[in-house]
């Protein structure tokens, strides 16, 4: 009986490792996972949840803003000390997903509404985030965001 159990355990272990080595099989599953991550990033920005950023941002993460400034993961995490909690609402919509093996590029629109210093805030941006599937999860390796000018 033990001789049969060992090959079965090896097969199950290999299957579990293989599943972690590859991203979800369907494009819809990947898009759903990435949109959930983006919603969690928006929430983490509002609540100063830097533990989430430590989890989702890869060591080599870089962010480029619309003025061409580049921020590394270490620089981003250093912002924790100056973070202020806000009760903002975030909507991420109009997603476009490019998927190639274990690399996913998500481009979407983000709309933030809320109060800052007693004033209504409404900010729309377009962003592109690049994810790599590692260790059985998506990790953010690069991002870019540009503000959409207000409608006149």
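Laboratory data are not the source of any read-out in this text; all were calculated from the coordinates shown. Since we're looking at a predicted model, the values are computed, not measured. No Cβ is skipped: glycine too gets one built from the backbone with ideal geometry, and neighbour counts run over all protein chains shown.
Diffusion of the stretch 92-141 by Stokes-Einstein, at 20 °C in a medium of 1.002 mPa s and with Rh set to the Kirkwood radius over alpha-carbon pairs, works out to 170 µm²/s. Percent of C-alpha pairs per 10 Å bin in the stretch 25-147, short distances first: 12, 44, 36, 7, 1. Once both labels are positioned 7 Å from their Cα atoms along Cα-to-Cβ, the gap between residue 98 and residue 39 label points is 2.6 nm. At an R0 of 25 angstrom, the distance between the Cβ atoms of residue 29 and residue 109 translates into a FRET efficiency of 0.70.
Taking other C-beta atoms within 10 angstrom as a stand-in for reagent exposure, 81, 152, 55 fall in the order 152, 81, 55, fewest first.
Ordered by the number of other Cβ atoms lying within 10 Å of each residue's own Cβ, fewest first, 145, 110, 26 fall into the sequence 26, 145, 110.
Between the stretch 39-76 and the stretch 77-117, what is the separation of their alpha carbon centroids in Å? Distance between centres, Cα-based: 9 Å. Helix 2-21 axis versus longest C-alpha principal axis of the chain: approximately 20°, rounded to the nearest ten. As a rough footprinting exposure proxy, the listed residues 127, 53 were ranked by other beta carbons within 10 Å of their own, and the order from fewest upward is 127, 53. Between the Cα long axis of helix 27-47 and the first principal axis of the chain there is an angle of about 50°, rounded to the nearest 10.
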